[in-house]
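One structure is given here, and the rest of the page talks about it.
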Amino acid sequence: MINEQLPKIWYGGDYNPEQWEAPVWAEDERMFKLAGIDVATINVFNWALIQPSEEVYDFSHLDALIDRLYKNGTYVILATSTGAHPAWMARRYPEVTRVDEKGRKRKFGGRHNSNPNSPVYRDFAAKLAGKLAERYKDHPALLCWHISNEYGGHDYSEESAAAFRVWLKERYGSLDALNKAWNTRFWSHTFYDWDEIVLPNELSEEWDGNRTNFQGISLDYRRFMSDSLLECYLIEYAAIKEHSTNIPITTNLMGFYPGLDYFKWAKHMDVISWDNYPALDTPVSFTAMTHDLMRGLKHGQPFMLMEQTPSQQNWMPYNSVKRPGVMRLWSYQAVARGADTVLFFQLRRSIGACEKYHGAVIEHVGHEHTRVFRECAELGRELEQLGDTLLDARSAAEIGVLYDWDNRWALELSSGPTVALDYMKEVHKYYDALYQQNIEADLIGVEEDLTKYKIVIAPVLYMIKPGFAEKVEAFVQAGGTFVTTFFSGIVNENDLVTVGGYPGELRKVLGIWAEEIDALLPEMSNEIVMNKQWGELGGAYKCNLLCDLIHSEGAEVLAQYGSDFYKGMPVLTVNSFGEGKAYYVASSPEQAFLQGFLANLSEENGIKPLVRAPHGIESVQRVKDGMSFLFLLNHHEGELTAEIGADERTDLLTGETHSGSVTIPGRGVMILSGKN
């Protein structure tokens with residue numbers, strides 16, 4: 001638990017007083033108290049201010065800021081400022097800027113413009129992180145270290161090319177092994193010298209983002225860039241730990257951001273933190289799934305909501321404001337799914353540059369008489385009232401939904417079978433089918449202990465990493481229920497097809513063979529026709545996108561295709577394997593099918609919905625010390641009613657007791673405590 005020094009849900013956010021003059025600071029401090037703000041994230045982009053030249057460091061501004069905040073009752077999350085290097089560095093050392101996918105050398109400007117494989121950049125970043133840690137390690141205001149900011153992006157410089165070759169040598173050991181892994185006899189690509197390998201960009205193998213001639217090199221390049229940025233983080237992490245051993249360290253992640261393997265990063269983060277910026281039309285179940293992924297990165301450990309906007313964000317085509325009540329509702333959605341902090345970007349609106357129209361607790365008008373401030377202050381009062389009651393409470397979900405970055409990269413780089421295949425959408429379809437029925441699930445990685453769950457769902461598990469098929473077999477053998485789908489078990493970790501029949505290493509546990517894979521045009525569909533009524537499922541359902549043409553090798557056929565030349569072939573199968581079962585869904589079904597299918601599996605495994613409620617009610621439960629905390633979130637404008645069962649529960653926000661039916665106001669929240 002990170003909250004020991006300040007034992008409550010931390011409340012506050014990014015604060016940039018260096019953009020303002022001294023008279024404004026006193027007003028900020030007054031308004032922080034009014035809003036219940038007790039934590040400020042500072043020094044995120046101050047490198048040029050702290051280090052005006054290569055030889056000079058000036059911490060006077062930061063010294064005064066931290067002391068002033070602490071005197072006012074505000075603790076700090078202290079960032080290292082290394083997310084954007086200063087102009088003098090780019091002028092004196094041009095290698096610190098990146099080269100883009102077209103081979104163009106960047107000039108100074110923007111952010112995320114530092115070459116992660118530049119020794120100069122790494123050296124300066126480590127020195128700055130170390131000096132900050134040495135100076136502030138014992139300051140009583142310090143709650144957490146925040147390294148850099150929203151790592152991401154690719155670089156195609158000569159420094160990165162050289163580092164890529166070193167990375168490849170460490171991964172493969174020899175050119176013979178590399179040539180085999182990349183299948184380089186295709187198109188005369190055999191390498192005889194490491195220096196012959198160039199980065200895959202628009203000058204070599206790739207075009208239009210994820211289009212590539214050679215999946216092997218492109219997949220490894222994405223792994224390499226994720227690792228390169230992770231090395232930058234770890235260099236700063238080590239520099240901080242040399243001086244500050246008892247303060248947790250994090251960096252802010254970005255949910256399902258495609259560029260970094262966050263499961264790998266999570267191993268080196270003391271606590272997960274992330275920035276939540278859904279659009280007005282983002283499905284609330286997708287935001288819920290992203291929170292669950294952040295919780296799942298460290299095996300269920302609570303996380304930090306490092307950034308969200310109190311009102312609107314600045315980078316979308318249409319920057320809608322959050323409607324009344326939505327900021328509070330979405331804040332509690334994060335807390336319900338594992339957040340032990342509620343932090344904003346930003347506390348006061350900037351007056352210039354690209355973020356001046358990004359929302360803030362303190363708006364441009366500069367006083368507390370705004371709707372946004374009133375809502376923030378009310379939430380601050382509620383979080384103060386909750387105290388430490390919810391801190392370190394955990395999920396008790398019995399279903400795991402698998403997500404894997406390597407699998408995503410490989411699917412996005414695939415040269416077939418359809419451009420319409422979207423891994424994220426397919427994972428979300430299964431998650432959403434559970435969400436809509438108030439059935440909890442965790443988002444997990446391939447290294448997770450599967451025995452924690454009764455059901456494991458792995459949509460479009462195209463890539464099978466070493467040992468995972470055996471892990472699935474052991475899980476099912478011991479009584480678990482495993483579900484996977486079309487286009488699964490196709491390739492190994494190097495994106496080489498597993499020969500001998502699809503679904504490769506999963507063929508034994510699934511009891512099927514997929515002979516062909518048919519890609520349907522967007523306007524085409526087929527049908528899943530149930531052989532008989534099975535619980536919630538009966539009759540026919542639409543399916544589209546891809547259709548695997550499968551044969552049973554011992555699996556029971558539960559449904560068949562309804563049309564085309566493969567009419568009557570299996571589309572839904574179940575294979576009894578040891579004490580458990582393994583299901584295969586051979587196409588992408590409509591949601592009515594998935595809801596019925598997953599409702600059946602949940603019932604068979606003794607997994608019950610948290611509540612009975614109409615569409616629009618989100619239910620989540622956290623447990624701690626023999627107590628359960630049931631969150632009911634109403635995402636509709638009007639009031640809705642949910643059935644919570646006969647046991648009496650107390651609402652932590654109002655003190656009222658409830659059982660049976662409860663009515664949640666429009667965009668309202670209830671947190672009902674009871675014995676677990």
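Each reported figure results from applying straightforward, stated rules to the coordinates on display, with no laboratory input. Not measured: the values here are computed from a predicted model. Positions of Cβ are backbone-derived with ideal geometry, glycine not excepted, and every protein chain shown enters the neighbour counts.
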Note to self: Name the residue from Trp274, Phe577, Trp10 whose Cα lies farthest towards the positive end of the charge dipole of the chain, charges +1 on Cβ of Lys and Arg and -1 on Cβ of Asp and Glu.
What the structure shows: Trp10
Notebook entry, point to check: Just in the range 578-653: which GluC sites (Glu not before Pro) are loop by DSSP and have at most 16 other Cβ atoms within 10 Å?
Noted result: Glu579, Glu590, Glu637, Glu639, Glu648
Notebook entry, point to check: Which order do Ser60, Ser204 fall in if you start with the one that has the fewest other Cβ atoms within 10 Å?
Noted result: Ser60, Ser204
Check: For the charge dipole of the chain, defined by +1 on Lys and Arg C-beta atoms and -1 on Asp and Glu C-beta atoms about the Cα centroid, which residue among Thr287, Ser53, Ile490 has the Cα displaced farthest towards the positive pole?
Finding: Ser53
Check: Mind checking the alpha-carbon convex hull of the range 399-604 and giving the volume per residue in Å³?
Finding: 108 Å³
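Work through the residues other than Gly480 whose Cβ is under 11 Å from its Cβ and net out their charges, Lys, Arg +1 and Asp, Glu -1. All intermediate terms of the calculation are to be shown ahead of the outcome.
Details: positive: Lys452, Lys454, Lys471, Lys581; negative: Glu398, Glu473, Glu579.
Neighbour charge sum, excluding Gly480 itself: +1.
Just how large is the dipole of the chain about the Cα centre, in debye to the nearest 20, putting +1 at every Lys and Arg Cβ and -1 at every Asp and Glu Cβ?
Details: 63 positive and 93 negative charges, 143 e Å.
The dipole of the chain has a size of about 680 debye.
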Check: Assuming a viscosity of 1.567 mPa s and a temperature of 4 °C, what translational diffusion coefficient in µm² per second does Stokes-Einstein assign to the range 49-246, Rh being the Kirkwood radius over Cα pairs?
Finding: 69 µm²/s
Checklist line | Spatially proximal aspartates and glutamates relative to Lys71 (Cα-Cα < 20 Å; intrachain offsets below 8 disregarded) | finding: Glu4, Asp14, Glu18, Glu21, Glu27, Asp28, Glu29, Asp38, Asp63, Asp138, Glu384
Check: What is the set of long-range amide H partners of Asn16 at a cut-off below 5 Å, with H atoms built 1.01 Å from backbone N?
Finding: Leu347, Arg348
Check: Which order, highest average first, do 406-414, 237-245 follow once you tally other Cβ atoms within 10 Å for each residue and take the mean per peptide?
Finding: 406-414, 237-245
Check: Which value, in debye to the nearest 20, gives the size of the charge dipole of the range 374-466 about its Cα centre, when Lys and Arg are +1 and Asp and Glu are -1 at the Cβ?
Finding: 340 debye
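Mind ordering 474-485, 63-74 by average Cβ neighbours within 10 Å, highest first?
Descending mean neighbour count gives 474-485, 63-74.
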Notebook entry, point to check: Hey, which lysines would be in cross-link range of Lys471, C-alpha to C-alpha under 20 Å, not counting anything within fewer than 8 residues on its own chain?
Noted result: Lys264, Lys298, Lys452, Lys454, Lys508, Lys581
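May I ask you to list, by number, the DSSP H helices of the chain whose Cα span along the axis is at least 24 Å and whose average Kyte-Doolittle hydropathy reaches 0.0 or more?
Numbers: long enough: 119-136 (26 Å, -0.37); 215-241 (38 Å, 0.09).
Membrane-span-like by this criterion, though nothing is claimed about a membrane: 215-241.
List the chymotrypsin sites (Phe, Trp or Tyr not before Pro) within the range 257-355 that DSSP assigns to loop and that have no more than 15 neighbouring Cβ atoms inside 10 Å. It would help to have the intermediate numbers written out before the result.
Numbers: sites: Tyr262, Phe263, Trp265, Trp274, Phe286, Phe303, Trp315, Tyr318, Trp330, Tyr332, Phe344, Phe345; in loops: Trp315, Tyr318, Phe345.
Counting only loop positions with at most 15 other Cβ atoms within 10 Å, the chymotrypsin sites (Phe, Trp or Tyr not before Pro) in the range 257-355 are Trp315, Tyr318.
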Note to self: If neighbour count is taken as other Cβ atoms inside 10 Å, put Glu307, Glu29 in order from fewest to most.
What the structure shows: Glu29, Glu307
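Can you give the direction-averaged projected area of the convex hull of the alpha-carbon atoms in the range 301-421, in nm²? Don't jump to the answer; show the numbers that get you there.
On the way: hull surface 45.0 nm².
Mean projected area of the Cα convex hull: 11.3 nm².
Computed over the Cα atoms of the chain, what is the ratio Rg over Rh, Rh following Kirkwood? Spell out each step's value before the answer.
Details: Rg = 26.2 Å, Rh = 26.8 Å.
Ratio of gyration radius to Kirkwood radius for the chain: 0.98.
Per residue, how big is the convex hull of the range 617-675 when only Cα atoms are used? Give it in Å³. Before the final figure, lay out the partial values.
Working: hull volume 3.9 nm³, N = 59.
Taking the convex hull of the Cα positions in the range 617-675, it is 66 Å³ per residue.
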Item checked: the range 312-357 versus the range 273-308: alpha-carbon centroid distance in Å -> 13 Å
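Take Trp182, Trp207 and order them by how many other Cβ atoms sit within 10 Å, fewest up front.
Numbers: Trp182 25, Trp207 13.
Ordered by Cβ neighbours within 10 Å, fewest first: Trp207, Trp182.
Per the helix-only calculation at 222 nm, which mean residue ellipticity applies to the chain, given -39500 (n - 2.57) for every DSSP H run of n ≥ 4 and division by its residues, nearest 500 deg cm²/dmol? Don't jump to the answer; show the numbers that get you there.
Working: 17 runs with 199 residues, N = 676.
It comes out at -9000 deg cm²/dmol, rounded to the nearest 500.
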Checklist line | Those lysines that a straight Cα-Cα span of less than 29 Å connects to Lys107, excepting residues fewer than 8 apart in one chain | finding: Lys127, Lys131, Lys356
